[in-house]
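Undergrad: Questions regarding the structure given below will be posed in turn.
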Amino acid sequence: MRRLALLCLALSISSSLFAQTPYKAPPQVIVDILDAPPLPAVSVSPDRQWLLLLEQRSMPTIAELAQPMLRLAGSRINPRTSGPQLPGGTTGLLLKRIADGTERRIAVPAPVALSFVSWAPGGRSIAFVQTRDSGLSLWIADVASGQARALTGPTLNATDGPPCEWMPDGARLLCRFVPDSRGSAPAAPRTPIGPTTQDAIGRASPAATFQDLLGDAQDDALFEHYFTAQLAIVDAASGGLAPLGHPAIFDDVDVAPGGEYVLVSRTLRPFSYLVPAIRFPKEMEVWNLRGEVVRRIAQLPLAENVPIRGVRTGPRALNWRPDVPATLVWAEALDGGDPKNDVAHQDRVVTLAAPFTGEPVELLPLSKRYAAMQWDAGALALVVDYDRERRWAKTWVVDAGRAGARPRVLWDRSAEDRYGDPGFPLQRQTAAGDLVLQRSGDWVYLAGNGASPHGDRPFLDRLNLRSQKTERMWRADTVHYETVVAVLDETGPRILTRRESRTEPPNYFVRDVRRGTLQPLTAFKDPAPQLTGIQKRLVTYTREDGVPLSGTLYLPPGYTPGTRLPIVMWAYPTEFASAAAAGQVSATPNRFNLVRGPSHLFFLTQGYAVLDDPKMPIVGGDTANNHYVEQLVMSARAAVKAVVDLGVADSSRIGVGGHSYGAFMTANLLAHSDLFRAGIARSGAYNRSLTPFGFQNEDRTFWQARSVYLTMSPFVSADSINEPILMTHGEADNNSGTFPIQSERLFAAIKGLGGTARLVMLPNEAHGYLGRESVLHTLAEMIDWFDRYVKQAKPRQAGVSTSGGF
């Protein structure tokens, strides 16, 4: 009996250490902030006459996250609705006329759970999807009246993304539906019919550690069952349906600007247990509106053997040219998809025009990898190629309308250079609903962040495509953070901007850049007045090796200058090829404080200071990780010294934290330095042997850089983690490499070695935490942890270094 009693006691203790506990809540001030509705998202109509406000709810509930979910071939779907895992998060649609601010609410029956909101070409109608327990239905709203009506029953299929797109005439939509012939989902066999097998046949097939892959024949059957869709054209006036072709698994469907052809990419068998659906076999075809195949563009085999940092061979990035009725354009590799092959040109861009009977015509050979393309409405395109080894981007001007015209280099620059970033070209919609460069004669408009040593100051430029001369039209002042949302007319004097400051919440304005006038369009209030009084400033300092660093220092409301506070450093390392780029400031000190989700900035409500995003650059290009730990500790040591020298931080009460790669950083800093009293690591990966074919920007495999992988892995140095560490992880993490077992094994190692750690596994949560209960619980854990081990920490014993390792 005594042995039985001891066993029961041991089991009781064990269960108390690992039991599932009820959700906790942080202090009420944080709950109130998070429960308040966030500011609405916005969308500008194609004719630039209306601003559509998409009202959002604060957070989904854990009950919604716990609804049935299937994880198939890289996607997560709700089998009840044949749609995304979560219902739409938009709770209301409000139209606001840009000219005078007149408002018009779109009437939608409750309960409202909207998603996939899109403007019709011309801007007279808005389509959206309404989610019900029984499925997804298509609705359309009339902009003039604000009235909405259902066009279909709950029969849409959104398992592979947006279920509908507008036809160019703005009177019809092409949608994916659940096939009428689809029956019940295939049932899993009660007893296995045999083992699940995979083969390696002597051909290299390096693959990232993808999540949510197919795992067996039952998954194959479920994927085929739920992802198979029937295309149909929906009449926006009557709701009438005209089926197009036969049911298939459609990877992509895109209507030509002329409205007579459809580019269709279908997913075929055999499926894979190694890669997601995007790499399954594909058949790419051009159909007419009778569903007949006009031209087969390509049939791509299963892509399990794509080289590391390589691309799939065959056509990729297929699109219609927006300036002509029916011309396809795509990129294709000339180096076998392997950047290690030494060739004159890695890629080329080709076009193929209707009636699609000829061969593709080369538009431009590229010495490096194709990255992007933008067209104007008159046969001119901007094409970007990217040299990953140098982190270098080159932009070409290509005139497809002039025979013999040679491509011209527009920009040839470091992609890491934020200070020299010329901005991105603004676009407008054509009458057919396609995006083209917004031009005024020879000029196009460029909007950019305006990075500078003092923080970002967004700007609007115009660029002459003939002379390549750039003119500054406007730049945000030194007090406000103001970004360009849209150019409202062809000549560019009036722009729609989103404007905020440290004390003014974001709102939308019409700015006349010539007259200098500013007209408010919205008047959103501060959604979290509880945070009023927070102070923030840009802090700059220098690492021991001379690399300039920076971060944003937040001080709690009512802070008294000269008072030393407990401080939280929350960071995320980034690799750079050059030290000059690594030292550039990327902060936005003039932005308003909008705090959502399980943000570390909530520590400000509890008397902490926060150093947000102190830079942790890892310099050295493709071999930067050879010195990852040394550079990481150097950056952290410089950040600690900076806040201590400012008189803000108490050197004995500094905590560090991060999410994902920031969690990896946190564990490494606790293992390789004594700078911090405790750490918080959320959803991290800690054993790099479990990501053997690369991670982040590391191209080398575990077997090519074994010592680098092991040195970087905090799991290997778990015996040196001698400060308390809180680890949280979503049980349904969907991010490549950050399997939940990563946190479970590091916790087991620390516990086994006698360290101090806590592991919190969040049910139904993915890589980022969404559910209200999960968000509140995570914040409660974070505050409890740092209150215990940072805020209440006693001064360090004499002889304990705060300068860190290395």
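The values are calculated or read from the model by the stated rules, or taken from the named source; none is laboratory data. Everything numeric here is computed off the predicted structure, so don't read it as measured data. Every residue, glycine among them, receives a Cβ derived from its backbone with ideal geometry; neighbour counts consider all protein chains shown. What goes into the accessible areas is simple: the full protein's heavy atoms, side chains included, and nothing from ligands, DNA or RNA. Shrake-Rupley method; radii C 1.70, N 1.55, O 1.52, S 1.80 Å.
Undergrad: Could you list, ordered by first residue, the pairs with Cβ atoms under 8 Å in which the first is in the stretch 217-229 and over 14 Å from Ser184 (Cβ atoms) and of a type in the set (Gly, Ala, Ser) and the second is surrounded by fewer than 16 Cβ atoms within 10 Å (Cβ to Cβ) and at pLDDT below 95, at least 6 apart or interchain?
TA: Every condition considered, the pairs that remain are Ala217/Ile193; Ala217/Thr196.
Undergrad: Quick check: is even one residue across the stretch 674-695 touching a His at 6+ places or on another chain (Cβ under 7 Å) and either hydroxyl-bearing (Ser, Thr, Tyr) or more than 29 Å from Thr623 (Cα to Cα) (or both)? Talk me through it step by step, then tell me what you get.
TA: First, the residues of the stretch 674-695 that are touching a His at 6+ places or on another chain (Cβ under 7 Å): 682-683.
Among the residues that remain, those that are also either hydroxyl-bearing (Ser, Thr, Tyr) or more than 29 Å from Thr623 (Cα to Cα) (or both) are: 683.
Yes, that holds for at least one residue.
Undergrad: From the list Leu174, Leu214, pick out the single residue that is crowded, with 17+ Cβ neighbours inside 10 Å and either under 30 Å from Arg309 (Cβ atoms) or touching a helix residue (DSSP H, G or I) at 6+ places or on another chain (Cβ under 6 Å) (or both).
TA: Leu214
Undergrad: Mind telling me which of the residues Ser683, Ser673, Ser743 ends up being surrounded by 23 or more Cβ atoms within 10 Å (Cβ to Cβ) and at positive phi?
TA: Ser683
Undergrad: Check Ala41, Ala63 and return the single one that is within 30 Å of Glu490 (Cβ to Cβ) and either in contact with a strand residue (DSSP E or B) (Cβ under 6 Å, 6 or more places away or on another chain) or surrounded by fewer than 20 Cβ atoms within 10 Å (Cβ to Cβ) (or both).
TA: Working: Ala63 fails: within 30 Å of Glu490 (Cβ to Cβ).
Going through Ala41, Ala63 in turn, just one is within 30 Å of Glu490 (Cβ to Cβ) and either in contact with a strand residue (DSSP E or B) (Cβ under 6 Å, 6 or more places away or on another chain) or surrounded by fewer than 20 Cβ atoms within 10 Å (Cβ to Cβ) (or both): Ala41.
Undergrad: When the residues of the stretch 151-171 are filtered to those that are closer than 26 Å to Asp220 by Cβ and within 27 Å of the chain's Cα centre (by Cα), which remaining residue is most open to solvent (accessible area, probe 1.4 Å)?
TA: Taking the candidates together, the pick is Pro162.
Undergrad: Against the condition open to solvent by 70 Å² or more (accessible area, probe 1.4 Å), within 26 Å of Ala685 (Cα to Cα) and modelled with pLDDT under 95, how does Ala208 come out, does it pass?
TA: Working: open to solvent by 70 Å² or more (accessible area, probe 1.4 Å): no; within 26 Å of Ala685 (Cα to Cα): yes; modelled with pLDDT under 95: yes.
No, not satisfied.
Undergrad: Something else about it: Can you tell me which of Leu488, Leu460, Leu437 is open to solvent by less than 70 Å² (accessible area, probe 1.4 Å) and within 24 Å of Ala379 (Cβ to Cβ)?
TA: Leu437
Undergrad: I've got another one for you. Pull up the stretch 316-357, narrow it to residues that are among the small types (Gly, Ala, Ser) and over 30 Å from Pro206 (Cβ atoms), then point me to the one that is farthest from the chain's Cα centre (by Cα).
TA: First pass over the stretch 316-357, keeping only residues among the small types (Gly, Ala, Ser): 317, 326, 331, 333, 336-337, 344, 353-354.
Next, from what is left, pick out any that are over 30 Å from Pro206 (Cβ atoms): 326, 353-354.
Values: Ala326: 32, Ala353: 34, Ala354: 36 Å.
If we take residues in the stretch 316-357 being among the small types (Gly, Ala, Ser) and over 30 Å from Pro206 (Cβ atoms), then Ala354 is farthest from the chain's Cα centre (by Cα).
Undergrad: Could I ask something else about it? For the stretch 217-246, give me each residue that is over 24 Å from Thr81 (Cβ atoms) and part of a loop (DSSP other than H, G, I, E, B).
TA: Ala237, Ser238
Undergrad: Of the residues Glu482, Glu471, Glu500, Glu544, which single one is in contact with a helix residue (DSSP H, G or I) (Cβ under 6 Å, 6 or more places away or on another chain) and either open to solvent by less than 20 Å² (accessible area, probe 1.4 Å) or at pLDDT 95 or above (or both)?
TA: Glu544 is the lone residue from the list that is in contact with a helix residue (DSSP H, G or I) (Cβ under 6 Å, 6 or more places away or on another chain) and either open to solvent by less than 20 Å² (accessible area, probe 1.4 Å) or at pLDDT 95 or above (or both).
Undergrad: Considering only residues that are in contact with a helix residue (DSSP H, G or I) (Cβ under 6 Å, 6 or more places away or on another chain), in a helix (DSSP H, G or I) and either buried (at least 24 other Cβ atoms within 10 Å of the Cβ) or modelled with pLDDT under 95 (or both), which ones fall in the stretch 633-660?
TA: Ala636, the sole residue that qualifies.
Undergrad: I'm checking my understanding of the structure. Among residues of the stretch 573-606 that are touching a strand residue (DSSP E or B) at 6+ places or on another chain (Cβ under 6 Å), part of a loop (DSSP other than H, G, I, E, B) and of a type outside the set (Gly, Ala, Ser), which one is most open to solvent (accessible area, probe 1.4 Å)?
TA: Arg591
Undergrad: Quick test of your reading of the structure: Ser134 fulfils all but one of (1) open to solvent by 20 Å² or more (accessible area, probe 1.4 Å); (2) within 22 Å of Ile249 (Cβ to Cβ). Name the failing condition by number.
TA: All conditions pass for Ser134, except number (2).
Undergrad: Quick check on Ala187: is it within 30 Å of Trp703 (Cα to Cα), aliphatic (A, V, I, L, M) and either open to solvent by 30 Å² or more (accessible area, probe 1.4 Å) or at pLDDT below 95 (or both)?
TA: no
Undergrad: Here is a follow-up. Just a yes or no: is a residue in the stretch 282-299 part of a loop (DSSP other than H, G, I, E, B), crowded, with 21+ Cβ neighbours inside 10 Å and of a type outside the set (Gly, Ala, Ser)? Give the derivation first.
TA: From the stretch 282-299, those part of a loop (DSSP other than H, G, I, E, B) are 289-292; that's our starting set.
Still in the running and crowded, with 21+ Cβ neighbours inside 10 Å: none.
No, the conditions are met nowhere in the stretch 282-299.
Undergrad: Would you check which residues across the stretch 562-572 are modelled with pLDDT of 95 or more, assigned to a loop (DSSP other than H, G, I, E, B) and over 30 Å from His627 (Cα atoms) and list them?
TA: Hits for the stretch 562-572 are Thr563, Arg564.
Undergrad: How about the stretch 480-534: which of its residues are part of a loop (DSSP other than H, G, I, E, B), among the hydroxyl-bearing types (Ser, Thr, Tyr) and over 25 Å from Ser45 (Cβ atoms)?
TA: Thr503, Thr532
Undergrad: Now for a separate question. Look at the stretch 313-353 and say how many of its residues are outside any strand (DSSP E or B), touching a Lys or Arg at 6+ places or on another chain (Cβ under 7 Å) and open to solvent by 10 Å² or more (accessible area, probe 1.4 Å).
TA: 3
Undergrad: Consider only pairs whose beta carbons are under 9 Å apart and that are at least six residues apart or on different chains; among these, list those whose first residue lies in the stretch 678-705 and is under 21 Å from Thr574 (Cβ atoms) and whose second residue is of a type in the set (Lys, Arg) and open to solvent by less than 20 Å² (accessible area, probe 1.4 Å).
TA: If the second residue must be of a type in the set (Lys, Arg) and open to solvent by less than 20 Å² (accessible area, probe 1.4 Å), the pairs left are Phe695/Arg688; Glu698/Arg688.
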